[in-house]
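Below is one structure, written out as structure tokens; comments come after it.
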Amino acid sequence: QDNRVSIWSAGDLGNAGLNGEYHGEPHLLCDIQHNGDVMDMQFLDQERIVVASSTGTVTIYRHHQNNQTLSANHRWEKAHYHVDQDTSCGGAACTGVVCNNPEIVTVGEDGRINLFRADQRDAVRTIDNADSSTLHAVTFLRTTEILTVNSIGQLKIWDFRQQRNEPSQIFSLAGDRVPLHCVDRHPNQQHIVATGGQDGMLSIWDIRQGTMPVSLLNAHEAEMWEVHFHPSNPDHLFTCSEDGSLWHWDTSTNVSEKPSFLHQGGRSTAYLSHSTINQSVVSAWLSNDPTKDRMEITNLIPNQTLSVNSLDVLGPCLVYGTDAEAIYVNRQLFG
């Protein structure tokens, strides 16, 4: 009911012990009240954070590092709304936000897409009826193009250079229209996109060809909430779910030479046969069934039962938050 946005110091990696373990407690640097549930958040730059609210409002908070305080820097009230912006209860949840400084794109339950600039009061562009269903997540494909996923199993590309308010491409899951909750694109191969949805499946798409996923991989037993390619090591992918699991998908070629640290207790650590041909990383994600070829999957939280709602990865650190009201930092991602 009473929500806050908080900045924490998770400690200094420079203080790590010989085995990489960290000495010292994380501590709260500052926090600020937030109206509504936080649906999504992302750093815009070193000191500004963009936060999406269930009230439909989008806020930029500034972190003042000199005196460790947070302040509301800018706010777009009811950027998302069902009826009209003026009714008191008209707000629709803003479900996703993505930043490419100074640009900010937001999507919401109202099927609306907004393009904001951090330095401008009004939206640069709004696509009012972008979707007839809820848009659950958004990410940049290129500087002028975005990808959205919706609640009827569609992945759409939007090009802001085009004046018409129609997607430039539509992709969809065959058969049942399973809601898609999350999307990420490969950092180097921009045509490779991963999505996850209500059925826990991981879908890999090649947006250069066809309108259906290249591969569907059985993953979680409940909703997949987040999917992320490792930003600098994209043959590693991470997914988390309502079923309490967090999976590390590894398609790097030399799996057989990996140390056994990956085998600590994951029920799903599958060693898969690996072809001797040194194929490119690209084909690993795009082969019809990457698991047949070479992929190792490890559940990083073997005994967890509560939903893992969000994750992020930076260098050797994986951060995730769960329904246990706890945030975990795994500092030894690659052993």
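Which ³J(HN,Hα) values in Hz, rounded to whole numbers, follow from the phi angles of region 97-107 under the Karplus curve 6.51 cos²θ - 1.76 cosθ + 1.60, where θ = phi - 60° and Gly and Pro get x?
Here the 3J(HN,Hα) series is 9, 9, 10, 9, 2, x, 8, 9, 10, 10, 10 Hz.
Check which residues have an amide H placed less than 5 Å from GLN169's amide H, if you skip close sequence neighbours.
ILE157
On the full set of protein chains, 1.4 Å probe, figure out the accessible area of LEU306 and give it in Å² to the nearest 10.
Approximately 80 Å² of LEU306 is accessible to the 1.4 Å probe.
Using a 1.4 angstrom probe on the protein heavy atoms only, could you order ARG177, ARG75, ARG125 from most to least accessible area? Numbers along the way, then the final one.
Numbers: ARG177 150, ARG75 105, ARG125 35 Å².
Ranking ARG177, ARG75, ARG125 by accessible area, largest first, yields ARG177, ARG75, ARG125.
Can you work out the Karplus-derived ³J(HN,Hα) for every residue in region 299-313? Use 6.51 cos²θ - 1.76 cosθ + 1.60 with θ = phi - 60°, whole Hz, and x for glycine or proline.
7, 7, 10, x, 10, 6, 10, 8, 3, 9, 8, 7, 8, 8, 9
Could you tally the net charge around TYR61, taking each other residue with its Cβ under 13 Å from the Cβ of TYR61, Lys/Arg +1 and Asp/Glu -1?
Taking every Cβ under 13 Å from that of TYR61, the sum is +1.
Please list, ordered by chain and number, the residues whose modelled amide H lies under 5 Å from the amide H of ASN73; skip anything fewer than 5 residues away on the same chain.
It is ILE60, TYR61, ARG62, by chain and number.
Taking amide H positions as placed in the peptide plane 1.01 Å from N, state which residues far from ALA137 in sequence (5 or more) or on other chains have amide H under 5 Å from it.
The list, which skips near neighbours in sequence, is VAL149.
Per the 1.4 Å probe, what fraction of the accessible area of region 82-182, in percent, lies on carbon and sulfur atoms?
41
Tell me the accessible surface of GLU166 in square angstrom (1.4 angstrom probe, heavy atoms of protein chains only), to the nearest ten.
Surface open to solvent at GLU166 totals about 100 Å².
Mind listing the phi-derived Karplus ³J(HN,Hα) values for region 38-48, rounded to whole Hz, using 6.51, -1.76 and 1.60 with θ = phi - 60°, and x for any glycine or proline?
Each residue's phi maps through the Karplus curve to give 7, 8, 6, 8, 8, 5, 8, 8, 4, 10, 10 Hz.
The values are calculated or read from the model by the stated rules, or taken from the named source; none is laboratory data. Just so it is clear, the structure is predicted and the values come from calculations on it, not from any experiment. For neighbour counting, all protein chains shown are included, and Cβ atoms are generated from backbone atoms with ideal geometry for every residue, glycine included. Just the protein is used for accessible areas: all its heavy atoms, side chains included, with ligands, DNA and RNA removed. Shrake-Rupley method; radii C 1.70, N 1.55, O 1.52, S 1.80 Å.
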